[in-house]
Structures are given as structure tokens and as C-alpha cells.
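K.L.:
Got a structure for you, questions after.
The values are calculated or read from the model by the stated rules, or taken from the named source; none is laboratory data. Just so it is clear, the structure is predicted and the values come from calculations on it, not from any experiment. FYI the Cβ positions are ideal-geometry reconstructions off the backbone, even for glycines, and counts take in every protein chain you see.
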Amino acid sequence: MIRIDSVTKRYPDGTVAVDRLSLEIPDRSITVLVGPSGCGKTTTLRMINRMVEPSEGTILIDGVDSRQQPVNTLRRSMGYVIQNAGLFQHRTIIDNIATVPRLLGWSKDKSRARARELMERVGLDATLAKRYPYQLSGGQQQRVGVARALAADPPVLLMDEPFSAVDPVVRKGLQDELLRIQEELGKTIVFVTHDIDEAVKIGSMVAVLRTGGRLAQFAPPAELLSSPADAFVEDFLGADRGIRRLSFFSSAGLDLLTAPIVAVDATAEQIAARADAGAPYLLVTDVEGKPLGWSEPGRLTAGRIDRGQLLSHGRPFVAGQESLRAALDCAVLSPTGWAVAVDGEGRAAGVVSQQAIGEAIRGAHEDSVGPAKVLR
């Protein structure tokens, strides 16, 4: 869909923002541009829709030189999302989303019907349609920005640090929402960020740029983390890139123990039987099987389990769906050193020690071949 061929951007004062950059951006996937400040990420993005004109080189959109079509036509064929959403403050949410369809000549009714459809798709309540941007939270405004970019169903979506101005919890939700929408729609997305964790999470391919707009490495996230091209890339990825790489290994193969689990209404015989289950603590669950907390076996009394004396079980991980990174994080944060695995309904599926997770990590490294997909 997009091919960047030896593109340079040189300003009149001699500053080179992008230097002979060549990239082939794959169709129907998310390509992330990441790097330090001044590396030309945003400039590259803006050259794709000609908000910035290249000094040298060619950008092909679906095989056609982007300079061969009128600039307004080019821009309307691409969705564009920026930090802080960039909404029109004097327009309602529904009319903000309908902006591009109206510019393309759609009727008001058709444009607003499309806007309502997209509000549902990006997770916005229909009751927000008549409100104005200042009446929405930052996360809601960013969802409006994504919906507006998708309104005319463009094949290409350009996103310039769209989630960097919101708090970490909202940011994670927006990232998850983008991945869900992408799975449904399959757009060609070019995404700019300075956050390597965000790049690794959402990117199918990641382009690491050096200061001065030169390409340092272009690779899938798993390859980037396992085989940095040079010292610059390795330093940019950070000292914990090995931990990040665990996001690509599933927890499905973990050897979960179910024996050290007792229900809150367990009998004395059941507690005694579980006490020799191979774990120093027992996980207590409610009658529906959902975890309540940890306890030493000797502190449990049948029929009189005091929930207030239980140690926190921490954040559990979803067995088979989340990664070894999530499982390890749960174990490290647990006061017992054991992680709790749950099923999709939140019921305890088993427990696993840090040692067992470590063995699974070693096995995953030995078996890791071919492309990998990031898990949560």
C-alpha cells in the first residue's frame, strides 16, 4: 500500500529531518515509527499525506506517486489522528465524526448514520452524540478522533502519537481498542510513538529511527527484541528488553497445580489433604471458584475461614490467553511468590511458582522460531 523510496526532507536552513529513508509498509497491518525526539517520525508521517513535501525521493500509495493526485484528494483518502484528538470544539461529537463524509458530498443523514455506527465501533455511548468535545474525557475525545478518521472508510490510517496525552490506564484501553478495530477492519496503519512498549504491543512491524531521520532497524517486534541491529537500537530498547520479549510467549504450556486450592467452605479433611499439595500456601476461593487469597495451611479452620486474614492473591493471569510476561509479573508481585491462573470467567484454574515459570521461559527460548504475535 505504501512504499517510501529514498525520501529526504531538508529544510531551507540546511536541517535534515529525514535522510534517505526507504520503507515498504505492509498492507492491512500496523507499522510503527519509533525513536528519540528529532528522529523524523512525525515528518515521515506527514510526508505520506503531503502535509510536508519531500525534498527528494518518492512515496508511492498503492503503486502511484503521491504527487500525481491533488493534495486534498490524497488527504481525504487517508484517516489522520493526532495527539489530543484535534476536534472542532464548536461542533457536536456526531458532527465531528461526520466531517470528512460531509466534505465528500454525503448527505447529512447518511453522514450522521455513519457517525453513529462508528461511535458504537470505537466504544462510545450513543448518548454522547449531541455533546461537545469539552464535555468528554481525554480518552473519549481520542476515541472520537479515531472514529472521525475512519468515517469515510479510508484504506490508510495515519496516527501521530494519538494516545500519549492520556493516563496509562486509559492508554492501555485505547491500545486494546485499536487492536480490536484493526482485527475487524484490516486497515493499513502507520503509527508514530516515542514509547517502545506501545510500539511492541501494537506493531506488526517496527521502524526504529535514529536522530537525523535515518533508519536503524525495521523488523517485527519479536525480532527487534531478540536481535537488535546495533548498539543504538539495543540502548533504545532498554535494559529490560528480555522481559518485554516474554510478551510473545504464551502461558498455555505452564504446568498449573490445582491441588493447593481449597474452597472457603472446605471441610477439615479437604484442608488436610490439600496441605501436602506441594506448595507452602493454599489458595482459598469462594464457592464459585474465584480466588480470595492465600493462607498457610495451619491457619485454616474448616467452616471458620477468616477472609480478613488471607494474604492478597494479587492480579491473576488468564491461563493460555496472557503471556509468560504476565504470569511472571503476577508471581513477582505475589506475597507468596506463586502466581494465580484463572479461566475466562475468573475462576481459579491453578497456581504456578516462579521456578516453574522460569523453566517455561527457558523452554520457550529454546523453541522460539519464526514469527511471533504479542500477547497481553
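K.L.:
Can you name the residue in the stretch 263-304 that is among the basic types (Lys, Arg) and assigned to a helix (DSSP H, G or I) and, of all such residues, is farthest from Ala356 (Cα to Cα)?
P.N.:
By that ranking, first place goes to Arg299.
K.L.:
Could you tell me how many of the residues in the stretch 280-304 are in contact with a strand residue (DSSP E or B) (Cβ under 6 Å, 6 or more places away or on another chain) and touching a residue at least 40 places away in the same chain (Cβ under 8 Å)?
P.N.:
6
K.L.:
While we're on this one: Which residue, of Ala239, Ala229, is in contact with a strand residue (DSSP E or B) (Cβ under 8 Å, 6 or more places away or on another chain), outside any helix (DSSP H, G or I) and under 30 Å from Val34 (Cα atoms)?
P.N.:
Of the residues listed, the single one that is in contact with a strand residue (DSSP E or B) (Cβ under 8 Å, 6 or more places away or on another chain), outside any helix (DSSP H, G or I) and under 30 Å from Val34 (Cα atoms) is Ala229.
K.L.:
For the stretch 106-154, name all the residues that are within 13 Å of Asp95 (Cα to Cα) and not in a helix (DSSP H, G or I).
P.N.:
Trp106, Ser107, Ala129, Lys130, Arg131, Tyr132, Ala151
K.L.:
Let me ask something else about it. Can you name the number of the only condition in (1) assigned to a loop (DSSP other than H, G, I, E, B); (2) touching a Phe, Trp or Tyr at 6+ places or on another chain (Cβ under 8 Å); (3) of a type in the set (A, V, I, L, M, F, W, C) that Phe163 fails?
P.N.:
Here Phe163 meets the rest and fails (2).
K.L.:
Within the stretch 305-322, which residues are surrounded by 17 or more Cβ atoms within 10 Å (Cβ to Cβ) and either in a loop (DSSP other than H, G, I, E, B) or not assigned by TED's automatic domain parsing to the domain that holds Glu345 (or both)?
P.N.:
Residues satisfying the conditions are Ile305, Leu310, His313, Gly314, Pro316, Ala319, Glu322.
K.L.:
When you check Leu157 against the structure, is it crowded, with 21+ Cβ neighbours inside 10 Å, within 24 Å of Leu21 (Cα to Cα), at pLDDT 95 or above and in contact with a Gly (Cβ under 6 Å, 6 or more places away or on another chain), yes or no?
P.N.:
So Leu157 passes the test.
K.L.:
Still on this structure, I have one more. Show the residue pairs that are 6+ apart or on different chains and have beta-carbon atoms under 7 Å apart, the first residue being within the stretch 78-101 and small (Gly, Ala, Ser), the second being in a loop (DSSP other than H, G, I, E, B).
P.N.:
Pairs that qualify, where the first residue is small (Gly, Ala, Ser) and the partner is in a loop (DSSP other than H, G, I, E, B), are Gly79/Pro154; Ala98/Ala151.
K.L.:
Output the number of the condition that Asp276 fails; it satisfies all remaining conditions of (1) surrounded by fewer than 17 Cβ atoms within 10 Å (Cβ to Cβ); (2) more than 13 Å from Thr336 (Cβ to Cβ); (3) under 33 Å from the mean Cα position of the chain (by Cα); (4) not basic (Lys, Arg).
P.N.:
(3)
K.L.:
Kindly indicate whether any position in the stretch 47-56 is surrounded by 15 or more Cβ atoms within 10 Å (Cβ to Cβ), modelled with pLDDT of 95 or more, assigned to a helix (DSSP H, G or I) and in the same structural domain as Arg28 (by TED's automatic domain parsing).
P.N.:
There is at least one residue in the stretch 47-56 that is surrounded by 15 or more Cβ atoms within 10 Å (Cβ to Cβ), modelled with pLDDT of 95 or more, assigned to a helix (DSSP H, G or I) and in the same structural domain as Arg28 (by TED's automatic domain parsing).
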